[in-house]
Structures are given as C-alpha cells and as structure tokens.
Amino acid sequence: HDNSNDKFYIPENVYIIGTMNDIDRSVDTFDFAMRRRFRFIELKADEHTEMLSDLDDKVREDAIKRMSDLNKEIAETPDLNENYQIGAAYFLKLKTLSTDKLWTDYLEPLLQSYVQGMYDEAGIMSRFAKAYGYEKPEKDTADEADEG
C-alpha cells in the first residue's frame, strides 16, 4: 500500500481457510508449525454427502454406495487408513461423467499412487475396482479384427 504509516490488517469478516491432506508427508514440518498456530477441523470422507444433492436421486444413491463400499475396502487395506478414503467431492464429477469414466480417469490413478510399491498392487487395485463396482470392458470384437 502507498502510505507506510497505514497498518495492514485483515477485517473481522474475512476468514482464511486452508486445506491439508494428512497423507502428504512432504509437509510434516510445515504441518507441525501450522497446527501450533491455527484451529484444525477434521473432515471425514463420508461426512459431507449432502454436497451430492444436485445429482439425480438414482445417481446420488449409487454414488454414495460406491463411495462407501470403496472406502470400506480402502480402510481394510494394510498400510492404508481412513486418511486415504475418497470423499464426496470426487463424485460431483458424475454431473458430466459416467461412473466408469470417474473410475478410469480420476479414482484409479489416485488409488494406484497410494498402493504403488505395495505387495500385490494388482490384487489391491482389483479389490478396489470390485468394491467401486467397476468392471473392465471386454475387448470389442471389432478392435480384435483390426489387430489381426
């Protein structure tokens, strides 16, 4: 600001909201410093399903079931816990995407990064896909004819 005698302040009606993912260990030191200075409120993956209210009833019910089943499988996976669970915000994408596209383009790559280097990665990912309700499409016979 122009006048160096004016003090900088944040008005009382302005809130600064930051988000932090507990599984990102690259910010441990920063996390410790932040926790000493600010109030933290934990948001669990299944606590805000009301954000899906804009989805059609059938789509919303299916999304909540898929999210719940997938998160149960994530929580039961050794070396993972509830901090790795998928929240409702991902399922907002169902306004424009199919459940299969949500899996292949968003959830599968994210979960793959979680299990990378674990014993039986393929088996874990297969259990995640099954819990979510994703079935890999069989090769189209037209595709096979083109390959031959």
Which one of these is under 30 Å from Met125 (Cβ atoms), assigned to a loop (DSSP other than H, G, I, E, B) and modelled with pLDDT under 90: Asp2, Asp22?
-> Asp22
Of everything in segment 65-114 that's small (Gly, Ala, Ser) and assigned to a loop (DSSP other than H, G, I, E, B), which residue is least open to solvent (accessible area, probe 1.4 Å)?
-> Gly87
Return only the number of the condition from (1) out of contact with any helix residue (DSSP H, G or I) (no Cβ under 9 Å at 6 or more places or on another chain); (2) open to solvent by 50 Å² or more (accessible area, probe 1.4 Å); (3) not in a loop (DSSP other than H, G, I, E, B) that Gly117 does not satisfy.
-> (3)
When you look at Glu73, is it acidic (Asp, Glu) and under 30 Å from Ile16 (Cβ atoms), yes or no?
-> no
Any chance Ile74 is closer than 30 Å to Gly117 by Cα and not charged (D, E, K, R) | yes
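The values are calculated or read from the model by the stated rules, or taken from the named source; none is laboratory data. Small disclaimer: the values here were computed from a predicted structure and weren't measured. So basically every Cβ, Gly included, is an ideal-geometry build from the backbone, and we count neighbours across all protein chains shown. With ligands, DNA and RNA removed, areas are computed over all heavy atoms of the protein, side chains included. Shrake-Rupley method; radii C 1.70, N 1.55, O 1.52, S 1.80 Å.
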